[in-house]
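To start, the structure itself, in structure tokens.
The values are calculated or read from the model by the stated rules, or taken from the named source; none is laboratory data. This structure is a prediction, so every number in the text was calculated from the model and none was measured. Backbone-built Cβ (ideal geometry, glycine too); neighbour counts: all protein chains shown. Just so you know, the surface numbers come from the protein's heavy atoms only, side chains and all, with ligands and any DNA or RNA stripped out. Shrake-Rupley method; radii C 1.70, N 1.55, O 1.52, S 1.80 Å.
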Amino acid sequence: MASAIIERVEIDDFCEPPQVAGPGFINFRLKPSFLARCLEAVPGGDDPLAARVGIEPTRDAQTIVIDLSSPNLAKEMHVGHLRSTVIGDCIARVLEFEGHTVHRENHVGDWGTQFGMLVAYLRSVQPEVADKPDDIVIADLESFYVQAKARFDADDDFGRESRDTVVALQRGDPSTRRIWKAFCEESLRHCHAIYDRLGVRLIDRGESFYADLMEEVIRRLEAVKKADGFVRDSEGALCVFPEGFTTRDGLPLPMIVRKSDGGFNYATSDLATILHRVDTLKADRIIYVVGLAQKQHFAMLFSAVRRLGWVDQKVSFEHLGFGNVLAADGRPFKTREGGTAKLGKLLDEAVKRARAVTQDQPADGRPSIRTLSPDQADAVAEAVGLAAVKYFDLAHALQSDYKFDLNTMLAMEGNTAPYMLYAYARIRSIGRKAGVDFAALPSDQAIILEHASEISLAKKLLQLTETLDVVSRELRPNVLTDYLYELARAFSRFYDKKIGVRVVDATPENVRTSRLRLCDLTARTLKLGLHLLGINTVEQM
Ligand code: ARG
């Protein structure tokens, strides 16, 4: 059968004659001339597709909602929010690059019972906020929360006042709303300082945004409620019972949508959110980047909306769950004092360490950061430090936990950001050394692929499109980090004095130009790939 196939396929434009390789296998080997033609077709110079390394946007663009980051505004962002923010941003970048319309939704928690407590506490410690809520300054959200909670636990009167304040908030009492709003804005300022630093854009649309739609959810559920149906009252609460979910005792597991005291909860707001995303944003695909701990919540939610028939069959829902960030010793991440580690502090630490790493004189004699001005050195350290944290996160399979270990993240060797950034900066310096402006290389000159290291580099370069397809379909950023790492390695074999080829001093001229073009294509591919991970490259390191 294999011989029959080989005789009939017409692939000699791009493939060497296929060979039968044992039972069940046929080997196909791409022709170097075909690889060269593909690379020659990649536009360069100031062509608008140059920075996209020739990749055209998709022809069937979708509207995609990505639910990312979404911290609770009662507290400061901690290490647990890193993953959702970084993974969500990467997925959004890839989907936007492919040409989809992406809504990056920051579904912050701003509507729970804790907000009654915080508003009541704020009123008691800063009584002037009642008149001037915009003047709220909370230097340390975390300790503010801890103090409020301590008072809540110790003082019954304060507990009662807090509960009354939530009710007032949710009923729309103007004074409570004003203070609450100012508190949320203050908390969001803390978050956005981090988003800006990380280069993450998103739209803040917290639980409170859906307050009216939550009423609509209840109206719709009341309309289909039946004593024996899958929407019914149970012990005074209004519940949905999605099929296939049971308690440990085998009883149907409820999703409570209105508590027996009449209050709404997380599930109520998530149901309302779906109405907004489907009916108003017209989403075709909704991706929730939320820790694996919420797996069951999302499974029940998706099952419930399907069963309720609130969404078209063709709308897809995906819970992109991820594992935990652990401390270097493998235990849950805590500060020395036992509190949760604030994200801002960790980023500072990473940048500080990156400065130390990039300042070490490298063993192979390449220039160290000391040749940079102090401002340049700061910028490099900031870029490398943030890149190290992001890259390490994205390079792990989503489902697995990982240890937050700055030493490993900042290693110059291996699948790390410093290695990748250095690989990029090194190629750019080849251009400088050769006195060549990559952007001005003649794009009509042939790419010549003869040496094995050139052929494997060419093949890697041509795999970006399929890599991005996998990332956007399967939502796996580590497929992209793996690809970039392999590309950087293929490049270093190509450029290696012993096993690779000469580049800057290659002769004749057309071979030199071809090799410089391979350098340029590699640099552009690395830059684009890193950009899609949310990482900024540096020209010198
Ligand atoms: N605020 C939630 C938390 O901190 C995450 C929200 C995720 N998004 C959602 N639509 N439920 O756990």
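Among the residues of the range 257-265, some residue qualifies, meaning at least one is at pLDDT below 95, buried (at least 16 other Cβ atoms within 10 Å of the Cβ) and within 15 Å of the ligand (Cβ to nearest atom). Within the range 143-169, being without any contact (Cβ under 8 Å) to a residue 12 or more places away in the chain and of a type in the set (Lys, Arg) holds for one residue alone: Arg160. Going residue by residue through the range 271-288, is there one that turns out to be within 30 Å of Leu421 (Cβ to Cβ) and assigned to a helix (DSSP H, G or I)? No, the range 271-288 contains no residue that is within 30 Å of Leu421 (Cβ to Cβ) and assigned to a helix (DSSP H, G or I). Against the test of being in contact with a Leu (Cβ under 9 Å, 6 or more places away or on another chain) and outside any loop (DSSP other than H, G, I, E, B), the options Ile138, Ile64 yield a single qualifying residue, Ile64. Can you tell me which residue in the range 450-479 is nearest to Asp284 (Cα to Cα), limited to those that are touching a residue at least 24 places away in the same chain (Cβ under 8 Å) and in contact with a Ser or Thr (Cβ under 8 Å, 6 or more places away or on another chain)? Looking at residues that are touching a residue at least 24 places away in the same chain (Cβ under 8 Å) and in contact with a Ser or Thr (Cβ under 8 Å, 6 or more places away or on another chain), I get Leu464. Looking across Lys282, Lys295, Lys225, one residue alone is more than 16 Å from the ligand (Cβ to nearest atom), under 23 Å from Val65 (Cα atoms) and open to solvent by 40 Å² or more (accessible area, probe 1.4 Å). It is Lys282. Answer yes if at least one residue in the range 478-487 is modelled with pLDDT of 95 or more, part of a loop (DSSP other than H, G, I, E, B), touching a helix residue (DSSP H, G or I) at 6+ places or on another chain (Cβ under 7 Å) and surrounded by 14 or more Cβ atoms within 10 Å (Cβ to Cβ), and no otherwise. No, the range 478-487 has no match at all. Residues being of a type in the set (A, V, I, L, M, F, W, C), assigned to a loop (DSSP other than H, G, I, E, B) and either open to solvent by 10 Å² or more (accessible area, probe 1.4 Å) or touching a Leu at 6+ places or on another chain (Cβ under 9 Å) (or both) are entirely absent from the range 80-96. Output the residues belonging to the range 390-425 that are among the charged types (D, E, K, R) and in contact (Cβ under 8 Å) with a residue 40 or more places away in the chain. The answer is Lys390, Asp393, Asp401, Lys403, Asp405. Residues in the range 102-137 that are open to solvent by 10 Å² or more (accessible area, probe 1.4 Å) and polar (S, T, N, Q): Thr113, Gln114, Ser124, Gln126. Of all residues in the range 66-80, those being closer than 13 Å to Leu141 by Cβ and within 11 Å of the ligand (Cβ to nearest atom) number 7.
Just so you know, in the range 228-252 the residues that are farther than 22 Å from Gly112 by Cβ and under 33 Å from the mean Cα position of the chain (by Cα) include one that is least open to solvent (accessible area, probe 1.4 Å), and it is Pro242. Ala41 falls short on exactly one of the conditions (1) over 26 Å from Ala395 (Cβ atoms); (2) of a type in the set (Gly, Ala, Ser); (3) modelled with pLDDT of 95 or more; (4) crowded, with 16+ Cβ neighbours inside 10 Å, and that condition is (4).
With respect to Leu308, determine if the residue is within 16 Å of the ligand (Cβ to nearest atom) and either open to solvent by 60 Å² or more (accessible area, probe 1.4 Å) or not charged (D, E, K, R) (or both). No. If we scan the range 90-110, do we find a residue that is near the ligand (Cβ under 10 Å from one of its atoms) and charged (D, E, K, R)? So far as the range 90-110 goes, yes, one or more of its residues are near the ligand (Cβ under 10 Å from one of its atoms) and charged (D, E, K, R).
Need pairs with beta-carbon distance below 6 Å; first residue within 24 Å of Pro418 (Cα to Cα) and basic (Lys, Arg) and within the range 480-508, second open to solvent by 50 Å² or more (accessible area, probe 1.4 Å) and part of a loop (DSSP other than H, G, I, E, B); sequence gap 6+ or separate chains. Between residues of the range 480-508 that are within 24 Å of Pro418 (Cα to Cα) and basic (Lys, Arg) and residues that are open to solvent by 50 Å² or more (accessible area, probe 1.4 Å) and part of a loop (DSSP other than H, G, I, E, B), the close pairs are Arg493/Ile499. Number of residues in the range 201-252 that are among the aromatic types (Phe, Trp, Tyr) and more than 30 Å from Ser187 (Cβ to Cβ) equals 3. For the range 111-129, filtered to residues that are away from the ligand (no atom under 15 Å from the Cβ) and of a type in the set (Val, Ile, Thr), the residue that is farthest from Asp153 (Cα to Cα) is Val129. A search for C-beta distances below 7 Å between a residue of the range 233-251 that is of a type in the set (Gly, Ala, Ser) and any residue that is open to solvent by less than 20 Å² (accessible area, probe 1.4 Å), counting only pairs 6+ apart in sequence or on different chains, returns nothing. Can you find even one residue in the range 145-158 that is buried (at least 16 other Cβ atoms within 10 Å of the Cβ), over 38 Å from the mean Cα position of the chain (by Cα) and more than 29 Å from Lys345 (Cβ to Cβ)? Looking for residues that are buried (at least 16 other Cβ atoms within 10 Å of the Cβ), over 38 Å from the mean Cα position of the chain (by Cα) and more than 29 Å from Lys345 (Cβ to Cβ), one finds at least one in the range 145-158, hence yes.
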